[in-house]
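S.K.: Below is the structure I would like to discuss, written out as structure tokens.
Every number here is computed from the coordinates shown, using simple stated rules; none is lab data. Everything numeric in this text was worked out from a predicted model, so none of it was measured. Reconstructed Cβ throughout: ideal geometry from the backbone, glycine too, with neighbour counts over all protein chains shown.
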Amino acid sequence: MLSKTEFTSETRFIVSRMSENAMSCLCIKSLLMKMNIKAISGYFTILTLSFLLHLVKPANNIYYSSLPILMLLFPIIVGHRVKMRFSIKDISLGLVVSIIILLPYYLAFGGNIKTISAYYVIFQLLSVSVPEEFFFRGFLQDSTGRNFKAVLLVSLLFSLAHLPKAFFLGEWISLLSFFPSLVMGWLYMKTNNILPGTVFHLLSNLIYHNASL
């Protein structure tokens, strides 16, 4: 049996952990409340379309292009100005961060970068990296706030947006996209420009693809 002192200490620990969890939930709830109805509806529209495409599996690949197109069009339709500008300083930051974080991964898991075609690079840039950064950082994160709590929330949403791929293709590892999303979110928070995150996003996808060959 626990002594009175031990019981009191254990009780305080449990109450403390419950308070921490409650505060975390309140922080997430407050951030969700800060996201306007346009951002929330946009996210669930993208998520729903992704689920439908993975469920139906249309034979014509043209249907899959509707997802990145919607990511680009939705912020424009609702009147949100996405911050994207050409800046050597910002792009250089994206490259430096990419080298620091991705080079060790590339060296550890190997692969031959020469096996990646120019077509695949262009496809990843125009169909994945640019649309996703345009929507998730330029629209969702920008609608939530320029702070690390917003980075955490959008990274969670970004990870959950990969659920269709996990459910239908068995690629559960895609949910780990939460972690590179933290880097992309930080780059946006730091520069107020989606291009550095786009650079990191593109290079992350290329190196992951290269390592998985």
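S.K.: Lysine pairs in the range 37-212 with alpha-carbon atoms under 19 Å apart, 8 or more places apart or on different chains: how many are there?
M.R.: 5
S.K.: For Y120 and R85, compute 0.36 nm times the residue count separating them, minus their Cα-Cα distance, and round to one decimal in nm.
M.R.: Working it through step by step, the gained length comes to 10.2 nm.
S.K.: Further question on the same structure: What number do you get for the range 37-212 when its Cα radius of gyration is normalised by 2.2 N^0.38 Å, N = residues?
M.R.: 1.00
S.K.: If you don't mind, another one. Applying a 10 Å radius around every beta-carbon, put 164-173, 57-66 in order of their mean neighbour count, most first.
M.R.: Averaged packing, sorted descending, gives the order 164-173, 57-66.
S.K.: Give me the extension gain from L107 to N147: residue separation times 0.36 nm, minus the current Cα-Cα distance, reported in nm with one decimal.
M.R.: 11.2 nm
S.K.: Okay, next question. Show me the ranking of peptides 137-144, 76-83 by mean Cβ neighbours inside 10 Å, starting with the highest.
M.R.: 137-144, 76-83
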